[in-house]
Amino acid sequence: MYWPNLRRITIPLVLFVLALFLRGYSEKMPTAYVGLVLQLPFVLLFIVSALCIYYNRSRLFVSCLTLGLIFYLIQTQLQSTLNDPSTLMVYSLITLLHPLSLLFFLLVPERGLKNRYGLILNLSVLGTFIVSVILFHYFDEELVVFIGDWLQVKPFNGYVLSITASTCYLFVFTFALFRLIKRNDDFAVITVSITLFTFTVLAFLDMPNISSVLFSVSALSLIISMLGTSYAMAYRDDLTGLLGRRALNDRMKGLGRQYVMAMMDVDHFKRFNDTHGHDIGDEVLKMVAKQIGLVKGGGTAYRYGGEEFCVIYTNKDLQYCLPFLEVVRANIENYSLVVRDETQRPKTKSEAKQRRGSKTSRKKPNTVSVTISIGLAASKDRSTRPEDVLKSADVALYKAKKEGRNRIEF
């Protein structure tokens, strides 16, 4: 598990606290601004929906439409007391269907918006909400009694949401956190944000302006998430997760007077790919990138391209950087990557059961290891161009290759 992935929900949590503060302040807001605040969630959700269309994100698009529909129902159908059967039915419908829809979005894969799959996803989720609302206008008294007993609202003083619906939201929130920790799933971050904001609105619906303020800040959180995703698409390498070549080029424009650049290359990587295949080669690149990304001393790691990587230290000299890079080189040299032989894997469950406990299942797994060569170069003064320092680091890298590889030269 990768607990650092939880840092991705820092911004939604900060915005959530900010939303609670703004809600309290909104009670003192001049009447002239009330109408503007009521329209703000629709404007912000429209912006998110437009970004979803641009980036072809189907699940977030439907989630935004669902949030807009819920806010519309709150403003038009839930402004009277929940003792009214019609109001109670609409509220109960929202608290039941929304967490289920979020769970559904977490489980289905992202396949884009501009295709038949995106159209079916939109129609199925939104259609369920709309048709259910329409049908519930023709309920009978027995259904009201059943819903009231099953989704009993106001279980505590000041708390509106039923225990059943609260449990559903808690399950979705926990499951989204698990997906974030385990897989670093982008949509899991979005689900955590949506669940937290919507749950708070529905649980404390009696508070003035809570829906307009929290839905506005929730939409703002989604906009920030979309911008963060677009940044990652532009600046991060898909395979390794490190900052990519574009980020490196931008960083080089703002380097100061003193800095050190390290160019790194996986030794004999082409031969390794030819021997073990590109799939294993990709796993090796991920392992190498992870170790380089853990470099200490304030260095920032980048994937330069192919099997080449770069690390930049600012306001440091060569002697300072050398021990940290030596640790990286040694860690990669000593790392053994387990290689699974797919041809030897059992094809059926019964075959796998027979192998359990046998001698073949206790064989030492095949492992591979690689080494890297590192070239270092430092700037001389402010007149030194970063491109020249990078070229010097590249020359030092080839010197390390020539001197026998698995070493550092500068």
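What follows draws every value from the coordinates through simple rules; no lab data is involved. Since this is a predicted model, take the numbers as computed values, not measurements. Counting neighbours? That spans all protein chains shown, and the Cβs are built from the backbone with ideal geometry, glycine included.
Some points to look at:
- Within a Gaussian network of the chain (alpha carbon springs, distance under 10 Å), most fluctuating of GLY297, GLY68, GLY228: GLY297
- Highest-fluctuation residue, THR198, THR240, THR128 considered, GNM on the chain with Cα pairs under 10 Å: THR128
- For the residues THR200, THR384, THR31, a GNM of the chain with alpha-carbon springs under 10 Å puts the largest fluctuation on THR31.
- Loop-exposed trypsin sites (Lys or Arg not before Pro) per DSSP, neighbour cap 16 Cβ within 10 angstrom, longest uninterrupted part of the chain: 115-256
- Given R0 = 22 Å, the distance between the Cβ atoms of LEU13 and VAL43 translates into a calculated FRET efficiency of 0.40.
- Among complete DSSP H helices in the chain, those whose alpha-carbon atoms stretch at least 15 Å along the helix's long axis and whose mean Kyte-Doolittle hydropathy reaches 0.0 are 10-26, 34-55, 58-77, 85-107, 116-135, 163-183, 186-203, 210-235, 318-333.
- HIS278 paired with ASN122, simple spin-label distance in nm, labels 7 Å along Cα-to-beta-carbon: 3.5 nm
- Förster radius 56 Å - calculated FRET efficiency between ASN366 and MET29, Cβ distance, rounded to 0.05: 0.25
- Per-residue extension of 0.36 nm, minus the Cα-Cα distance of ASN157 and GLU387, leaves a gain of 76.2 nm for this segment.
- Estimated FRET transfer efficiency when R0 is 35 angstrom, pair ARG271-LYS296 (beta carbons, to 0.05): 0.70
- Extended-chain gain in nm, criterion 0.36 nm per residue less alpha-carbon gap, ARG405 and ASN56: 121.2 nm
- Rule-of-thumb Rg ratio for the range 3-228 [Cα; 2.2 N^0.38 Å; N residues]: 1.00
- Peptides 152-158, 42-48 ranked from most to least packed by the mean count of surrounding Cβ atoms within 10 Å: 42-48, 152-158.
- Out of every Cα-Cα pair that the chain contains, those further apart than 27 angstrom amount to 63 percent.
- Residue separation of LEU227 and TRP150 scaled by 0.36 nm, minus their Cα-Cα distance, works out to 23.6 nm of gained length.
- Taken about its Cα centre, the range 1-86 carries a charge dipole of about 380 debye when Lys and Arg each add +1 at the Cβ and Asp and Glu each add -1 at the Cβ.
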